[in-house]
1. List the residue pairs whose Cβ atoms are under 7 Å apart, where the first residue sits in segment 19-38 and is farther than 14 Å from GLY115 by Cα, the second is polar (S, T, N, Q), and the two are 6 or more positions apart or on different chains.
2. Of the residues ARG109, ARG127, ARG116, only one is among the basic types (Lys, Arg), touching a Ser or Thr at 6+ places or on another chain (Cβ under 7 Å) and touching a residue at least 40 places away in the same chain (Cβ under 8 Å); which?
3. Exactly one condition in (1) modelled with pLDDT of 90 or more; (2) more than 26 Å from GLU19 (Cβ to Cβ); (3) among the polar types (S, T, N, Q) is not met by GLN75; state its number.
4. For segment 65-153, which fully contained strands (runs of 3 or more DSSP E) count at least 2 residues that are β-branched (Val, Ile, Thr) and surrounded by 10 or more Cβ atoms within 10 Å (Cβ to Cβ)?
5. Filter segment 1-38 for residues that are surrounded by fewer than 14 Cβ atoms within 10 Å (Cβ to Cβ) and basic (Lys, Arg) and give the result.
6. Only residues that are of a type in the set (Val, Ile, Thr), part of a strand (DSSP E or B) and closer than 28 Å to PRO66 by Cβ: list them for segment 4-37, please.
7. Would you please name the residue that is farthest from the chain's Cα centre (by Cα), looking only at residues in segment 39-48 that are over 17 Å from LYS113 (Cβ atoms) and surrounded by fewer than 17 Cβ atoms within 10 Å (Cβ to Cβ)?
8. Count, please, the residues in segment 54-64 that happen to be in a loop (DSSP other than H, G, I, E, B) and of a type in the set (D, E, K, R).
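The values are calculated or read from the model by the stated rules, or taken from the named source; none is laboratory data. Everything numeric here is computed off the predicted structure, so don't read it as measured data. Here the Cβ positions follow ideal geometry from the backbone for every residue, glycine too, while neighbour counts run over all protein chains shown.
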Amino acid sequence: MGAGEKTVVSNRRARKDYEILDTYEAGLVLLGTEVKALRAGNANLKDAYAALDTNELWLRNLYIGPYPPAGPNNQHDPERVRKLLLQRRQIDRLIGRVIEKGLTLVPLRIYFKKGRAKLELAVGRGRKQHDKRDIKRREAADREIEQALRRRR
């Protein structure tokens, strides 16, 4: 996280469920009430994913809750499909990787950078259940080693 960035919401399960191969920073096309709701921290990335459609990237299942001060008539649809903004080269590279190698586009976090809402998008490969167990074992062993070293000091 760089200077001037404020993380709004992060997808904690993504790093457990996917092996992250590469990350990209994408802009989001949002409505005014969505930006206000994001600034208030009213969002959930849990089930969100990015999908390709006619050479464009779209973010699906991102929940941005209503913004009550806007009133009942000016609300946005909380789970509408939102367009992601990337350079054409980046989109073409992502299309190739997703189609060719069967990888997935996973949103990691939403943050504000210089006043603009950004999405950290990752290219990931799904982990199998036994892979997750191996990682847990490795992390537990690393923790024990670290604790032993701390006790010796």
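1. The qualifying pairs are TYR24/GLN90; THR33/ASN74; THR33/GLN75.
2. When all the criteria are applied, what remains is ARG109.
3. GLN75 satisfies all of (1) modelled with pLDDT of 90 or more; (2) more than 26 Å from GLU19 (Cβ to Cβ); (3) among the polar types (S, T, N, Q) except (1).
4. Strands (runs of 3 or more DSSP E) meeting the threshold: 104-113.
5. Of everything in segment 1-38, those that are surrounded by fewer than 14 Cβ atoms within 10 Å (Cβ to Cβ) and basic (Lys, Arg) turn out to be LYS6, ARG12, ARG13, LYS16.
6. Result: THR7, VAL8, VAL9.
7. ALA40
8. 0
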